[in-house]
Structures are given as C-alpha cells and as structure tokens.
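Chemist: I have a structure I would like to understand better, so I am pasting it below and will then ask my questions one at a time.
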Amino acid sequence: MSNETMKIPQATAKRLPLYYRFLQNLHSSGKQRVSSAELSEAVKVDSATIRRDFSYFGALGKKGYGYNVNYLLTFFRRTLDQDELTKVALIGVGNLGTAFLHYNFLKNNNTKIELAFDVDQDKIGTSISDVPIYSMDDLEKYLIEEEVQVVILTVPAPVAQMITDRLVNTNVKGILNFTPARLNVPSSIRVHHIDLAVELQSLVYFLKHYPTNEVIEE
C-alpha cells in the first residue's frame with residue numbers, strides 16, 4: 001500500500017479494498033456515478049463512515065452529485081498500488097492451501113500466488129493451477145530470488161513460529177496468518193491474523209446478542 005494510505009486510520013485502510021472491488025463492479029456495468037448511500041448499501045458500511053473515509057483523501061465527490069466511478073476507480077487503484085504486480089507465496093499446501101491455489105485471487109489480476117512450499121515429497125515438484133510447489137528446504141532461496149514480499153501461512157500451528165523466524169532472512173514484509181498461532185515478528189514485518197475458529201465464535205456471539213442485521217462500524 002502506498003505511503004499516502006499510511007497517514008489514515010487503519011480501520012479506513014482496511015475498507016479501501018472493499019470500496020475498490022465494488023467500484024470495479026460498477027465500472028464493468030457501465031455506471032458513471034454513485035452516491036455514498038448506494039455505496040453504503042452495497043458494502044454494508046454506513047454512509048457517514050464512507051464519507052469520512054473518503055474525506056481523508058480530499059474532495060473525491062460533490063454534494064448533490066455523488067462520486068464519479070471512473071475517477072474513484074483510478075484513484076483507489078493508484079492508492080492501493082494495483083498497477084503493480086504483488087507476488088505472493090503460499091506456505092503449506094494442505095486442504096486450505098490447496099483451495100487458495102485453485103482460487104488464486106481470480107478477480108484481482110495484480111495479486112497472484114506465484115509459488116508454494118510444502119514438506120510432502122508427493123507434492124514437491126508438482127503444481128496446482130500452474131503454481132509450482134517447492135520444498136521447504138528451499139524456502140529462503142526462492143523467496144529471495146522471486147522477490148516475494150507477502151506470504152500466506154497455512155501450516156500446522158506448532159511449526160508456524162519456526163517458519164516465520166525463517167522469513168526474517170528474506171524480503172517478506174507481510175504475513176497473512178491462517179494459523180491459530182500468534183506470531184512474534186520484528187517491526188519490519190506486518191502480520192494479519194485470520195483465525196477462522198475465532199471468527200466463527202464471534203459470529204455465533206453476535207447472532208445471540210445482536211439478532212438484527214444492523215451495520216456495525218469497526
């Protein structure tokens with residue numbers, strides 16, 4: 001993400017890809033203009049939050065007119081560095097990892113899993129959806145050669161920290177962690193934790209205590 005987004009609140013930064021995806025859909029359908037109310041209905045974020053998010057970037061729209069779809073799409077593409085290819089490596093080709101390789105961010109041409117790693121000798125040397133699978137023994141070598149800065153971690157929790165420690169010696173700057181382990185990393189590496197069990201428990205809690213489908217600002 002560009003330096004421009006580093007000045008805004010992290011909650012806003014996390015919503016930018018959501019806005020960008022919806023704007024891509026609007027552009028594909030030929031729509032030229034969108035209001036904050038329409039955006040709110042589509043992305044399930046209240047319109048006041050959307051207007052505040054957009055205000056961090058200056059005058060992106062006009063009162064009574066709304067937002068120009070083409071302008072917003074160009075702006076957010078540049079802001080999110082979508083004109084540059086982001087190489088991603090997947091570590092751990094189990095059931096979840098295999099699903100990622102089949103999906104491989106099909107709707108985003110600038111974010112691709114380029115290579116994967118595993119310890120299973122039956123998988124090493126093969127490929128899934130044209131993504132080659134390498135041995136964990138060669139992890140540092142290929143991450144450095146391919147200049148990979150982002151990895152998806154889908155390995156058993158007990159080995160997650162050990163593998164993460166090896167990433168410190170590469171160019172990796174970001175980890176999307178799908179393991180329950182809470183990773184210790186230096187300040188040069190950013191980790192986003194996606195714990196499916198925690199998310200499911202959270203969903204069940206909200207179903208019990210917040211039964212109406214109201215928009216909750218994060």
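Chemist: Considering ALA160, ALA197, ALA181, which residue is of a type outside the set (Phe, Trp, Tyr) and modelled with pLDDT of 95 or more? Before you say what the answer is, go through the steps one by one.
Modeler: Values: ALA197 fails: modelled with pLDDT of 95 or more; ALA181 fails: modelled with pLDDT of 95 or more.
Within the list ALA160, ALA197, ALA181, the selection yields ALA160.
Chemist: Looking at this structure, is PHE100 surrounded by 14 or more Cβ atoms within 10 Å (Cβ to Cβ), modelled with pLDDT under 95 and of a type in the set (Phe, Trp, Tyr)? Can you show your working first?
Modeler: On the way: surrounded by 14 or more Cβ atoms within 10 Å (Cβ to Cβ): yes; modelled with pLDDT under 95: yes; of a type in the set (Phe, Trp, Tyr): yes.
When the stated conditions are applied, PHE100 passes them.
Chemist: Right, here's the next one. Pull up the stretch 117-135, narrow it to residues that are modelled with pLDDT of 95 or more and among the charged types (D, E, K, R), then point me to the one that is farthest from ALA89 (Cα to Cα).
Modeler: ASP122
Chemist: If you don't mind, there's one more thing I want to ask. Taking the stated definitions as given, is LYS63 within 26 Å of SER40 (Cα to Cα), of a type outside the set (Gly, Ala, Ser) and at pLDDT below 95? Break it down stepwise before answering.
Modeler: On the way: within 26 Å of SER40 (Cα to Cα): yes; of a type outside the set (Gly, Ala, Ser): yes; at pLDDT below 95: yes.
When the stated conditions are applied, LYS63 passes them.
Chemist: Which numbered condition trips up HIS27, out of (1) part of a loop (DSSP other than H, G, I, E, B); (2) more than 30 Å from GLU140 (Cβ to Cβ); (3) modelled with pLDDT under 85?
Modeler: (1)
Chemist: If I filter the stretch 33-55 for residues that are part of a loop (DSSP other than H, G, I, E, B), at pLDDT below 85, of a type outside the set (Gly, Ala, Ser) and not assigned by TED's automatic domain parsing to the domain that holds VAL191, do I get at least one hit?
Modeler: Within the stretch 33-55, none of the residues are part of a loop (DSSP other than H, G, I, E, B), at pLDDT below 85, of a type outside the set (Gly, Ala, Ser) and not assigned by TED's automatic domain parsing to the domain that holds VAL191.
Chemist: I want to confirm something. Restricting to the stretch 111-141 and keeping residues that are hydrophobic (A, V, I, L, M, F, W, C) and not in a strand (DSSP E or B), which single residue is surrounded by the fewest Cβ atoms within 10 Å (Cβ to Cβ)? Quick ask: steps written out before the conclusion?
Modeler: The initial filter retains those residues of the stretch 111-141 that are hydrophobic (A, V, I, L, M, F, W, C), namely 113, 115-117, 119, 124, 128, 131, 133, 136, 139.
Pick out the ones that are also not in a strand (DSSP E or B) and you get 119, 124, 136, 139.
Numbers: VAL119: 13, ILE124: 18, MET136: 17, LEU139: 19.
Looking at the filtered set, the residue picked out is VAL119.
The values are calculated or read from the model by the stated rules, or taken from the named source; none is laboratory data. Everything numeric in this text was worked out from a predicted model, so none of it was measured. Every residue, glycine as well, gets a Cβ built from its backbone with ideal geometry; the counts of neighbours run over all protein chains shown.
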